[in-house]
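Structure, as structure tokens:
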Amino acid sequence: AQLTADEETASRLSSKCTELESRLSFLQEQEDRGADRLSSLKENTKKNSSMLIDIEKKLKGFVEEKRTLRSRQDLYKEKIEVLNGKLREAKADRKQNEREAKSLEAIASMKRLFPGVHGRLTELIKVSQKKYELAVITVLGREADAVVVEDAKTAQLCIQLLKEQRISPMQFIPLKEIR
């Protein structure tokens, strides 16, 4: 009986030993696979780190390029603003010149049609020295562009002509009324 028990124990131990050897073999295979996987992961990590550095460099380049483009855009916006201002001024000057030309044409036609029209006050005044021109025009103020006419009747005829031709109103100075 002791021999059978020892044989059973030896058989169990042998079976346990075979089982443990099998388990050890399995664990060693797992360890080898884990080591291979770890090695592969380390290699991929190195590659990914290198790629990350390259991508960060490119990103910095893009950020710098964006900054440069934005500053260029701001510069162009400023230039456009300046040009738009000049364009508005030019349009205003052109309109002013057109109004001035219409006024001059109207005065010329009034001179032809009505003998009592003498012309603009600024055209009739002769300043002896150039340095006083600005002072004289400043003193005259709005009256500087007034049209000098012989009498109030001529002024009314001129006003009627301006209305018919749809030309902006003008001021008239009738000589007989101011003497």
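Results, tabulated for the structure shown:
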quantity	calculated
Expected-Rg normalisation [2.2 N^0.38 Å, Cα atoms] applied to segment 60-144	2.07
Additional length obtainable on full extension of the chain from E123 to R72, 0.36 nm per residue less Cα span	13.3 nm
Residues E98 and I173, FRET efficiency given R0 of 25 Å [Cβ-Cβ distance, rounded to 0.05]	0.50
Relative contact order (percent, whole number), segment 24-179, Cα cutoff 8 Å, 6+ residue spacing	17
Helix-only CD estimate at 222 nm, as mean residue ellipticity for the chain, using -39500 (n - 2.57) per DSSP H run (n ≥ 4)	-28500 deg cm²/dmol
Against the rule of thumb 2.2 N^0.38 Å, how large the Cα Rg of segment 17-123 comes out	3.32
For segment 84-168: accessible area per residue (Å², 1.4 Å)	73
Hull volume in cubic angstrom per residue (convex hull over the Cα atoms of the chain)	304
Charged-residue dipole, Cβ positions (Lys, Arg, Asp, Glu), segment 1-102 about Cα centre, Debye nearest 20	1880
Accessible surface of segment 25-179 [probe 1.4 Å, protein heavy atoms]: carbon and sulfur percent	55
Pairs from K57/K77; K86/K130; K86/K163; K111/K176; K91/K163; K95/K163 whose Cα-Cα separation, in the structure shown, is over 27 Å	K57/K77; K86/K130; K86/K163
Solvent exposure, largest accessible area first (probe 1.4 Å, DNA, RNA and ligands not counted), of T18, T9	T18, T9
Set of aspartates and glutamates near K131 by C-alpha distance (under 19 Å), chain-local residues within fewer than 8 positions excluded	E123
Dipole of segment 1-90, positive end: most advanced residue of S49, A35, L87 [Cβ charges, Cα centre]	L87
Contact order relative to length of segment 62-150, as percent, for alpha carbon pairs under 8 angstrom and 6 or more apart	25
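The values are calculated or read from the model by the stated rules, or taken from the named source; none is laboratory data. This structure is a prediction, so every number in the text was calculated from the model and none was measured. Cβ sites come from the backbone with ideal geometry, for glycine too, and all protein chains shown count toward neighbours. For accessibility, only protein heavy atoms count, side chains too; no ligands or nucleic acids. Shrake-Rupley method; radii C 1.70, N 1.55, O 1.52, S 1.80 Å.
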